[in-house]
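Q: Quick one: this structure, given as structure tokens, is what I'll be asking you about.
The values are calculated or read from the model by the stated rules, or taken from the named source; none is laboratory data. Nothing here was measured: the structure is a model prediction, and the numbers come from that model. Don't worry about glycine lacking a Cβ; one is built from the backbone with ideal geometry, like all the others, and counts go over all protein chains shown.
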Amino acid sequence: MKKIFIPLILIFLAIILIGYKKSHSNNNASPVSKAITPVTVKELKESQAIQETLAFPATAISSQIATINAKSTGTITAINFDLGSNVSDGQLLAKIDDTGNSLPMGENNLQSANVQQLEQAQKEAKKSLTLANKKSYSIENQIGRDIAESQYKSSQIALQSAIDNHLITAPISGKIITKNISLGDSVMLGQPLAIISKPDQLKIQFFVDQAQYADFSKNLPITITDNNQKVFPAKITNISAQADAITKKFLIEAVPLEKTNLLDGTIINVSLGITKHPQQENSVFIPLSAITVGQNENYLFVYENGKAKKINISIDSISGEYAEVNLNLPTETQVIVSGNKALQDGDALEIKNP
């Protein structure tokens, strides 16, 4: 029994000795130091103003457009334009005529019974004038000549008016922005057929709210971007003094400074670069990514003597990706703007290039 007991005691003592050595070794080991955190900083003097780009949807509005209406009832028998076509003042665009009857074409290439009746009336008036001119001079014959001449001129005017009502011409030069007819369509008197816009006389309209209103002034340069991402310079020409009663926004108008291909009613974008300054004294703009927002406090970190220093703050306002913060600190103070998410007060830091 003693032979068994003695080895057990020795084994037990060996285990205690090994544990003591491990414990003593751990107590003498140097503590593990926390790694130095790399951060990006920005001095407060660089945060006293920010550059912003204001962008707004806008509409291209032609300052001169012409709506072409049918001047007679009939059928569209010819069309000489397409949507988007450039047309000239006086250019023939379409022809309205009568169809479905057995009348041949008249002298002016129209089947219209009304036009052909007026053509015949003009012929008769011309014959009467010719006969009156052949008569010898007398007071009675002179009166007859004057009457015949007046009737002939009246017949010419009536015929030309009827022809004009059937031949649709462009009243201005410009681009066709609306086309409401096709070949063979039946149209009624007064029906809108097309709209012509002058693309070189465009204005741009958009709306801004009260907070943005002060950023605009007459002749201020802005930028227009069309749907093809083509950029044009423009300038402000008119600023509404009163806001819309419903939207509470202000109308602003601008004109392109270069020739564009914009059509009336086209939706585009306008943009304006501005420099924004804090509204409060001692306030600066801090990126929202540099601020930690908690339930009981808002704070950021600054770089001081190689370590992170926690600064509690209050946020005055938020503008885009920046917060306006009141910080009564020297302008050389370096605010940590990245690498701050896992920081603790007093952590060792290393500044890295942005």
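Q: Assess whether Val115 counts as being at pLDDT below 75, farther than 30 Å from Ile204 by Cβ and not assigned by TED's automatic domain parsing to the domain that holds Ala342.
A: Considered against the rule, which asks whether it is at pLDDT below 75, farther than 30 Å from Ile204 by Cβ and not assigned by TED's automatic domain parsing to the domain that holds Ala342, Val115 comes out as no.
Q: Next up: May I ask you to list the residues in region 321-354 that are out of contact with any helix residue (DSSP H, G or I) (no Cβ under 9 Å at 6 or more places or on another chain), under 16 Å from Gly306 (Cα atoms) and surrounded by 14 or more Cβ atoms within 10 Å (Cβ to Cβ)?
A: Gly339, Leu343, Asp347, Leu349, Ile351
Q: If we keep just the residues of region 145-163 that are more than 54 Å from the chain's Cα centre (by Cα) and among the hydrophobic types (A, V, I, L, M, F, W, C), which is farthest from Ala132 (Cα to Cα)?
A: In this case the residue turns out to be Ile147.
Q: What are the pairs, 6+ residues apart or on separate chains, where a residue within region 129-140 that is in the same structural domain as Ser155 (by TED's automatic domain parsing) and closer than 17 Å to Ser155 by Cα has its Cβ under 7 Å from a residue that is of a type in the set (Lys, Arg) and surrounded by 12 or more Cβ atoms within 10 Å (Cβ to Cβ)?
A: Ala132/Arg145
Q: OK, next. Could you say whether any residue in region 35-43 is among the basic types (Lys, Arg), at pLDDT 85 or above and outside the structural domain of Asp264 (by TED's automatic domain parsing)?
A: Yes: one or more hits.
Quick grid of which residues meet (1) touching a helix residue (DSSP H, G or I) at 6+ places or on another chain (Cβ under 9 Å); (2) modelled with pLDDT of 90 or more; (3) farther than 22 Å from Asp264 by Cα:
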{"position": "Ala211", "(1), (2), (3)": "no, no, yes"}
{"position": "Lys218", "(1), (2), (3)": "no, yes, yes"}
{"position": "Ile222", "(1), (2), (3)": "no, yes, no"}
{"position": "Thr225", "(1), (2), (3)": "no, yes, no"}
{"position": "Val231", "(1), (2), (3)": "no, yes, no"}
{"position": "Lys235", "(1), (2), (3)": "no, yes, no"}
{"position": "Ala241", "(1), (2), (3)": "no, yes, yes"}
{"position": "Phe250", "(1), (2), (3)": "yes, yes, no"}
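Q: Related question: Conditions: (1) touching a Lys or Arg at 6+ places or on another chain (Cβ under 7 Å); (2) surrounded by fewer than 18 Cβ atoms within 10 Å (Cβ to Cβ). Thr59 meets all but one. Number of the miss?
A: (1)
Q: Here's something else I'd like to know. Can you tell which of Leu193, Leu189 is modelled with pLDDT of 90 or more, within 30 Å of Pro256 (Cβ to Cβ) and not assigned by TED's automatic domain parsing to the domain that holds Thr59? Even if it seems obvious, please write down each step before you answer.
A: Details: Leu189 fails: within 30 Å of Pro256 (Cβ to Cβ).
Unique residue meeting the criteria: Leu193.
Q: So which residues in region 171-216 are under 29 Å from the mean Cα position of the chain (by Cα), outside any strand (DSSP E or B) and more than 25 Å from Ile252 (Cβ to Cβ), if there are any at all?
A: Hits for region 171-216 are Ile172, Ser173, Asn180.
Q: Another question, if that's okay. I'd like the full set of residues that are surrounded by 14 or more Cβ atoms within 10 Å (Cβ to Cβ), charged (D, E, K, R) and touching a residue at least 24 places away in the same chain (Cβ under 8 Å), limited to region 141-193.
A: Correct list: Lys175, Lys179, Asp185.
Q: Of all strands (runs of 3 or more DSSP E) completely enclosed by region 219-297, which ones contain at least 1 residues that are out of contact with any Asp or Glu (no Cβ under 6 Å at 6 or more places or on another chain) and under 30 Å from Lys179 (Cβ atoms)? Give the steps one after another, and end with the answer.
A: Values: elements: 221-225, 231-239, 250-256, 267-276, 283-287.
So the answer is 221-225, 231-239, 250-256, 267-276.
Q: Which residues, counting only those in region 312-333, are in contact (Cβ under 8 Å) with a residue 60 or more places away in the chain, of a type outside the set (Asp, Glu) and in contact with a Leu (Cβ under 8 Å, 6 or more places away or on another chain)? If you could, list the steps in order and put the result at the bottom.
A: Step one: filter region 312-333 for residues in contact (Cβ under 8 Å) with a residue 60 or more places away in the chain, giving 319-320, 322, 327, 329-333.
Keeping just the survivors that are of a type outside the set (Asp, Glu) gives 319-320, 322, 327, 329-331, 333.
Tyr322, Leu327, Leu329, Pro330, Thr331, Thr333 - these are the residues of region 312-333 that are in contact (Cβ under 8 Å) with a residue 60 or more places away in the chain, of a type outside the set (Asp, Glu) and in contact with a Leu (Cβ under 8 Å, 6 or more places away or on another chain).
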